[in-house]
Amino acid sequence: MLDRFKLIPDKRTPFLSFEGYFDPGQFPNIQIIPGNKKSETSVILPNTFIDSEKSDSRRLTFALRKPKKKVVTTIVEEEDEEDHTVKEVKTDALSPRVVSPREEMLLHPVTALMSYRQFDQLNVAILNASPKRNGAQRMAAMLSKRHKRDIEKRMGMKLKIVNISSVREQEILPKTKIYFHANLLKEALKLAQVLPGEQVLEPVPAARAAKLATDVEIFVGKNFE
Amino acid sequence: MWKFLWGRILNKTVLILTLSTVFLLAGVSTPAFAFPEYTSRQKALKLAGVLDKGYLKSIKISSVFVKNKGEDDYYLQAILDDGSSRKWLIDRIRQWTQTDELILSNNRALVFPSPESTDFGVLEKNDFYRTVLNATAFVKTFGKHDILEGKSLVLGILRFRILQEEDSKYLKTNKYGDRYRYVLELENGSREYLTYTDAFVLMQRSAFLEEVPENVNVLRRSYKVREMKKIPLQLEDELRDIWRFGIEVVFDGSVMTSPDRFPYQVVELKMRDPETGQYRAQFFLQIVFPNAEKISDVKGFKNHEYLRHVEINTDVEHQKRVILRAMVNPDALDLPPFVEVTDRNSVVVNFFSSTDQSLTQPPDLPVMRSAGELPRSVFTPDQLETEFETKYLEAVSMIRAAQEQMNTHLRIKAYFKALDALKNAALSAERDIQIAQALKQRDILLRAMPKLIIRNVQMTILAKKLDQEGTKADPEMNKELLAQLVHAERYASTQDQQQKIASLQSILR
């Protein structure tokens, strides 16, 4: 898990330091490849994840050259002087995705079957993404008072609403959206069949999946009456 | 006179009613979050420095001071060149920047990237122009609630322009009230309209690439859909009785996008039943192809296994996107689709079906019923590979490799090896879920093997009879088959299987 990296300047040998939590057994697999230009070098850390809370990208590229004049100023960046050595911060699109054996297993629906366990309770978060107030509360009340037994019977597990709140951004969704973890498509579909109105069901985006503590997230949309 | 008084009273009542209705409606429709009026001391001090020597409605700002209302609520007080002094709340400052009433010195723009936070940034426009004009590629990252949320595509840049009167989005604003300022025309034919805030955020993300790394594919044209092909039903997993079929979407050139950029969603639509006239919920499975276009008629299918009305359509809400869409019965969708990119200019979407749903269920752990927070996967939440994980992954890959083996005899041998590997994994398990999962896979294998062994022995005997009539039997092969039958005998689940095993054993002996 890579938290951050920084360039430690030195006249003769500047050092690039990587901070985070590493498995020493993986060190022999680290590759250092010189680039096309003298000032460019690529360092490949296999099976490494960037801690998204401490760093905002999956891939960081840099060059050993004088720090460029900052293009953009923000309060946060001005306070965080050590990050000025980072020339570019790029997203995961720039490199072919390295898929670990674990990810490979979880990505394929058949092998993923061999990874998950059956559980007896579906934890659901309901968030209001409609312009109407109390959308999440109304849906939660409707689910727990009117449909709970039906849903539980269909899914074969208990339904627990663990969070009712509003989305942080002023984001209004035209339709109610149900985000589910990859192994919970069937449960999400059963939920959608019971909920009134039209729903859109999507797997939780990979960027959010690790942080999501609940099994299913319902964003109550504009269409919820 | 009475008429006049009544008129006044009525007018007053109507006015009160009207006002109450307006306030009520405004209250109902007001978004839950409004931009804050006050900020922290530190941010207020920084903001005052940024605004100094700027212009408000063409009047130069002489000086800006920080004031506070309470202990943590700070705002600004500005003195303009005309001698006037004004109280500036942060939400007003944001509004003025959005409408260009507040302009910073030195060709900079003040931006508030978050619509509910007073965090601000300063876009150095000159630097932005230099960067974007030198850039050859643009990293487009999809925003929240987009089906491609968090994912990116690297697109070739054709041209950058400042919006002019003739542009459709000139002086138009986005949902946060920020005006569109620029347009980035991309080589695949799409356009990105940018506000100052977008420009600021993109600069922070280094979304404009002057030099593209060698291993990065820049999408310079969109994929054009040529045709769709059916991939027939075939056995995917004999142990769990899972079958696979597919749809192959063929494009006009090689697909350079990784499979995770082709996500799926299920959309529910209420449609009127032509017979009863009542609305019924229908579910559509949609696979989204970004950077793709449908420019000619592409024939779909009425049916393909559990899919109905399979067609490929242009996404009307997003640029350069097509959607493979099929109506499905939600009860038939046991497993999600799986996308593969081929080397024949196509993308294959695999769908799965299983007749015995109990086989696709993960193991139940009644002893854990009280602990809802327990991990729901055999893998540990941290990304470190444990001894169990290594061994279990090895066993799973052995099972998958065996399933691809066409020769039944060799397949059975591979399954025996997988059984050993599962035992090793179970022995290294540290949590109940791990051992339960390893034992569940073992039991699935054990349940399937007697049938498989019986079939293999029958076929081997039959083949020998046909091919080598009169020749001597191979003792080594007989020994192997007998050993397999011993195993099958131990785990045979039906009377029929037991009888067949006994009969085959007597033939081989």
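The values are calculated or read from the model by the stated rules, or taken from the named source; none is laboratory data. Remember, it's a predicted structure, so these values are computed and weren't measured experimentally. Glycine gets a Cβ as well: all are built from the backbone with ideal geometry, and neighbour counts include every protein chain shown. Just the protein is used for accessible areas: all its heavy atoms, side chains included, with ligands, DNA and RNA removed. Shrake-Rupley method; radii C 1.70, N 1.55, O 1.52, S 1.80 Å.
Select from region B:295-324 the residues that are in a strand (DSSP E or B) and touching a residue at least 40 places away in the same chain (Cβ under 8 Å) and write down the one among them that is most open to solvent (accessible area, probe 1.4 Å). Top of the filtered list is B:F301.
Filtered by the rule that a residue be under 30 Å from A:I178 (Cβ atoms), at the interface with chain A (Cβ under 7 Å from one of its Cβ atoms) and among the polar types (S, T, N, Q), region B:117-160 gives B:T141, B:S152. Of the residues making up region B:253-304, those that are more than 22 Å from the chain's Cα centre (by Cα) and of a type in the set (G, A, S) are B:G253, B:S254, B:G277, B:A281, B:S296, B:G300. Restricting the search to strands (runs of 3 or more DSSP E) fully inside region B:90-193 and requiring at least 3 residues that are free of Cβ contacts under 8 Å to residues at least 24 places away in the same chain gives B:180-186. Taken together, the residues in region B:325-341 that are outside any strand (DSSP E or B) and within 18 Å of B:D146 (Cβ to Cβ) amount to 0. Quick one: how many residues across region A:169-180 are more than 8 Å from every other protein chain (Cβ to nearest Cβ) and closer than 26 Å to B:S353 by Cα? Looking only at that region, the number is 3. Given the structure, is B:L5 outside any loop (DSSP other than H, G, I, E, B), modelled with pLDDT under 85 and out of contact with any Gly (no Cβ under 7 Å at 6 or more places or on another chain)? When the stated conditions are applied, B:L5 passes them.
Listed here are the strands (runs of 3 or more DSSP E) enclosed by region A:137-225 that have at least 3 residues being in contact with an Asp or Glu (Cβ under 8 Å, 6 or more places away or on another chain) and either modelled with pLDDT of 90 or more or farther than 20 Å from A:L107 by Cα (or both): A:176-180, A:199-203.
Being among the charged types (D, E, K, R) and within 25 Å of A:E104 (Cα to Cα) is a property that holds for B:D334. Considering (1) in contact with a strand residue (DSSP E or B) (Cβ under 8 Å, 6 or more places away or on another chain); (2) open to solvent by less than 50 Å² (accessible area, probe 1.4 Å); (3) hydroxyl-bearing (S, T, Y), the lone condition that B:S117 does not fulfil carries the number (1). Applying the condition of being open to solvent by less than 60 Å² (accessible area, probe 1.4 Å) and within 25 Å of B:K500 (Cβ to Cβ) to region B:435-452 and asking which residue is farthest from the chain's Cα centre (by Cα) yields B:P450.
Among the conditions (1) open to solvent by 40 Å² or more (accessible area, probe 1.4 Å); (2) more than 9 Å from chain B (Cβ to nearest Cβ), A:S166 misses just one, which is (2). All conditions but one from (1) touching a Lys or Arg at 6+ places or on another chain (Cβ under 9 Å); (2) in contact (Cβ under 8 Å) with a residue 40 or more places away in the chain; (3) open to solvent by less than 10 Å² (accessible area, probe 1.4 Å) apply to B:L80; the one that does not is (2). Looking at region B:262-282, is at least one residue over 21 Å from B:K230 (Cβ atoms), of a type in the set (F, W, Y), assigned to a strand (DSSP E or B) and open to solvent by 10 Å² or more (accessible area, probe 1.4 Å)? Yes, the conditions are met somewhere in region B:262-282. The residue list B:R92, B:R108 contains one member that is more than 14 Å from every other protein chain (Cβ to nearest Cβ), under 29 Å from B:K172 (Cβ atoms), crowded, with 17+ Cβ neighbours inside 10 Å and within 40 Å of the chain's Cα centre (by Cα), which is B:R92. In the list B:K230, B:K270, B:K224, which residue meets the criterion of being among the basic types (K, R) and more than 28 Å from B:S296 (Cβ to Cβ)? After applying the criteria, what remains is B:K270. Of all positions in region B:480-489, none carries a residue that is open to solvent by 20 Å² or more (accessible area, probe 1.4 Å) and either of a type in the set (K, R) or outside the structural domain of B:K391 (by TED's automatic domain parsing) (or both). When restricted to residues that are out of contact with any Leu (no Cβ under 8 Å at 6 or more places or on another chain) and open to solvent by less than 90 Å² (accessible area, probe 1.4 Å), region B:51-73 contains 5. The single condition from (1) crowded, with 18+ Cβ neighbours inside 10 Å; (2) closer than 30 Å to A:A209 by Cα that B:D146 fails is (1).
When region A:187-225 is filtered for residues that are open to solvent by 10 Å² or more (accessible area, probe 1.4 Å), over 22 Å from the mean Cα position of the chain (by Cα) and at the interface with chain B (Cβ under 7 Å from one of its Cβ atoms), the ones remaining, listed by number, are A:Q193, A:E198. Which of the residues that make up region A:103-150 are farther than 30 Å from B:R240 by Cβ, within 12 Å of chain B (Cβ to nearest Cβ) and aliphatic (A, V, I, L, M)? Scanning region A:103-150 gives A:L127, A:A129, A:A136. Taking B:E268 as meeting all but one of (1) farther than 20 Å from B:T314 by Cα; (2) in contact (Cβ under 8 Å) with a residue 12 or more places away in the chain, write down the number of the exception. Unmet for B:E268, out of (1) farther than 20 Å from B:T314 by Cα; (2) in contact (Cβ under 8 Å) with a residue 12 or more places away in the chain: (1).
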